[in-house]
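For reference, the structure discussed in these notes is given below.
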Amino acid sequence: MTANRPASEHESHRESIIAYLKTVAREELELSEEQIEQMDPDTPIVEALQLDSVTQVVLITAIEEHYGFEFEFEDGARLHTIGDLVEMIRGCISGERSRGEPLLET
């Protein structure tokens, strides 16, 4: 979160991104309502949502088209939870993360 953005705006972005991800999960990935209901920042992306390689590509493509950026190959290794994904998306759309910049501090 930046000093220029109030916490409520940061949380609003997070909530809208999670809502979008749930829509993609329902409409594009055809996940069950049970799987969608368990989507929160701590949910492991691949394991909990049982995404195979095809559904991972569908998810990535939907996010790239909706938010207007491309994932870097290295991003995949750093995305473990829904929260990681949300923060990466938020950083890209807010301009806090430039192309090629690491997703998370290691």
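The values are calculated or read from the model by the stated rules, or taken from the named source; none is laboratory data. Note that the structure is predicted; figures quoted are calculated from it, not measured. So basically every Cβ, Gly included, is an ideal-geometry build from the backbone, and we count neighbours across all protein chains shown.
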> When the range 59-85 is examined, which residues are found to be crowded, with 17+ Cβ neighbours inside 10 Å and of a type in the set (A, V, I, L, M)?
Replying inline: 59, 62, 63, 79, 82, 85
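From the set of residues in the range 54-106 that are in a helix (DSSP H, G or I) and among the basic types (Lys, Arg), which is modelled with the lowest pLDDT? Spell out how you get there, then give the answer.
Step one: of the range 54-106, the residues in a helix (DSSP H, G or I) are 54-67, 75-78, 82-94.
Checking the rest, the ones that are also among the basic types (Lys, Arg) come to 78, 90.
On the way: 78: 85, 90: 91.
Step by step, filter the range 54-106, then rank; the result is 78.
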>> Among the residues of the range 49-62, what is the count of those that are within 14 Å of the chain's Cα centre (by Cα) and small (Gly, Ala, Ser)?
In response: 1
>> Restricting to the range 26-48, and then to whatever is assigned to a helix (DSSP H, G or I) and within 13 Å of the chain's Cα centre (by Cα), can you tell me which residue is surrounded by the fewest Cβ atoms within 10 Å (Cβ to Cβ)?
In response: 46
